[in-house]
Amino acid sequence: MADQRKTKVMVVDDSALMRRMIPLILEKSPEIEVVATAVDGRFALSKAEKNRPDVITLDMDMPGMDGLTTLKHIVRDFGIPVVVVSSMTTRGAELTMKAFELGAMDVIAKPADAISVNIKEIAEELIEKVLAIGRSSVSKLHLDVPAEKLPEPRPAVCSRAKTAEQVIAIGISTGGPNALSYMLPLLPADLPAAVLVVQHMPAGFTEVFASRLNKACALEVREARDGDLVTPGRVLIAPGDYHMKIKKTALSTIVVLSSRPAVNGHRPSADVLFNSVAAEYGPSSVGVIMTGMGEDGAEGIGEIKKAGGRTLAQDENTSVVFGMPKAAIRRGYVDRVIPLERMAEAVAGEITWKRGGRQIAANHK
């Protein structure tokens, strides 16, 4: 470490306890230096200009200049990556989703009992995210879906009773909310496959995230529930703190949620989903691994490939953190490496479409 510059971090939180605890946690890593703390947005902007940190941890719910306004200025004026430190409440989740839209890169959930030493529960995750994000580019988050490419909105009532014959499984982490907000609205309403998503996100945040996506997409999007039917044109997002698998029964394919131990440090885990999809759908599946730190999903997407499914990975240039895709690519488990701008088209191109009684590839619709 003698020759490697430390990642400089600024901590912004109106709680005096958090301004003490978060720096103590971060500086347990020899690779991190906390260069400043700030009690509100006004002080944060002044100190950001003076100290030029590599990463800022930002509380959303602050008096005076609130977190969202502060975030706008940080991204616009300084281009510094931001990790949101949010309370696990509905309001906290709503603010965090808005923060992602403005350029926040990831979220850490404050423990429910934030006035105790339980904050240490997030220590390892916080350190990992700060280090990964400190090496990334905030500019990769600013992608808007071209209006001419958006599919027609679906009808107000979206009823899909039949079981999906094909499944698209997506594993994604840091940078994922923005990547999915770009990609999923580009998928057509008549997609003849179910879409299953593991996005690493704390419990309580995935329901709000799914609801916001549902308003933007031609497909139906919602947080998965145990026993949900896996049907064409439906996007199911694994709830925070639950693994998501699928199981074929005599009548349908259903979602199975579980609170078994974390896999690769995550619950939900992309590996759990991918392994399940490989076992149940094999060659009728498409595995997609996208931006995120670590290696979750790398082995599972390999199982999809071995079972005859197709596998795609997001490329390095458009990944906020090129950890998960890189791990899968290095193992030789990825058929195609795709930039985010073309991912929806590429995914749809791997699906078999039925038109006029014939089966045809999407690229020949």
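The values are calculated or read from the model by the stated rules, or taken from the named source; none is laboratory data. Since the structure is predicted, the reported quantities are computational estimates derived from the model, not experimental observations. Using ideal geometry, Cβ is built from the backbone for each residue, glycine included, and neighbour counts are taken over all protein chains shown.
For VAL272, state whether it is buried (at least 23 other Cβ atoms within 10 Å of the Cβ), within 25 Å of LEU186 (Cα to Cα) and of a type outside the set (D, E, K, R). No; evaluated as a whole, the condition is false for this residue. The requirement of being under 19 Å from GLY227 (Cβ atoms) and modelled with pLDDT under 95 is satisfied by ALA250.
Show me the strands (runs of 3 or more DSSP E) found entirely inside the range 277-345 where at least 1 residues are hydrophobic (A, V, I, L, M, F, W, C) and either surrounded by fewer than 24 Cβ atoms within 10 Å (Cβ to Cβ) or in contact with a Phe, Trp or Tyr (Cβ under 7 Å, 6 or more places away or on another chain) (or both). Spell out how you get there, then give the answer.
Details: elements: 285-289, 310-314, 336-338.
So the answer is 336-338.
Does at least one position in the range 220-232 carry a residue that is surrounded by fewer than 21 Cβ atoms within 10 Å (Cβ to Cβ), modelled with pLDDT of 95 or more and on the phi > 0 side of the Ramachandran plot? Checked against the condition, which is being surrounded by fewer than 21 Cβ atoms within 10 Å (Cβ to Cβ), modelled with pLDDT of 95 or more and on the phi > 0 side of the Ramachandran plot, the range 220-232 yields at least one hit. Residue under question is GLY240, and the condition is that it be crowded, with 21+ Cβ neighbours inside 10 Å and not in a strand (DSSP E or B); does it hold? In short, yes. Within the range 312-327, the set of residues being of a type in the set (A, V, I, L, M, F, W, C) and without any contact (Cβ under 8 Å) to a residue 60 or more places away in the chain comprises LEU312, ALA313, PHE322, ALA327. The set of residues in the range 348-365 being in contact with a strand residue (DSSP E or B) (Cβ under 6 Å, 6 or more places away or on another chain) and at pLDDT 95 or above consists of GLU350 alone. Kindly indicate the residue of the range 116-137 that is basic (Lys, Arg) and part of a helix (DSSP H, G or I) and also modelled with the lowest pLDDT among those meeting that condition. If we take residues in the range 116-137 being basic (Lys, Arg) and part of a helix (DSSP H, G or I), then LYS120 is modelled with the lowest pLDDT. Comparison of LEU184, LEU191 shows that the only residue that is within 24 Å of LYS129 (Cβ to Cβ), touching a helix residue (DSSP H, G or I) at 6+ places or on another chain (Cβ under 9 Å) and either modelled with pLDDT under 95 or not in a strand (DSSP E or B) (or both) is LEU184.
In the set (1) surrounded by fewer than 21 Cβ atoms within 10 Å (Cβ to Cβ); (2) under 21 Å from GLU165 (Cβ atoms); (3) of a type in the set (A, V, I, L, M, F, W, C); (4) touching a strand residue (DSSP E or B) at 6+ places or on another chain (Cβ under 9 Å), the condition left unmet by LEU251 is number (4).
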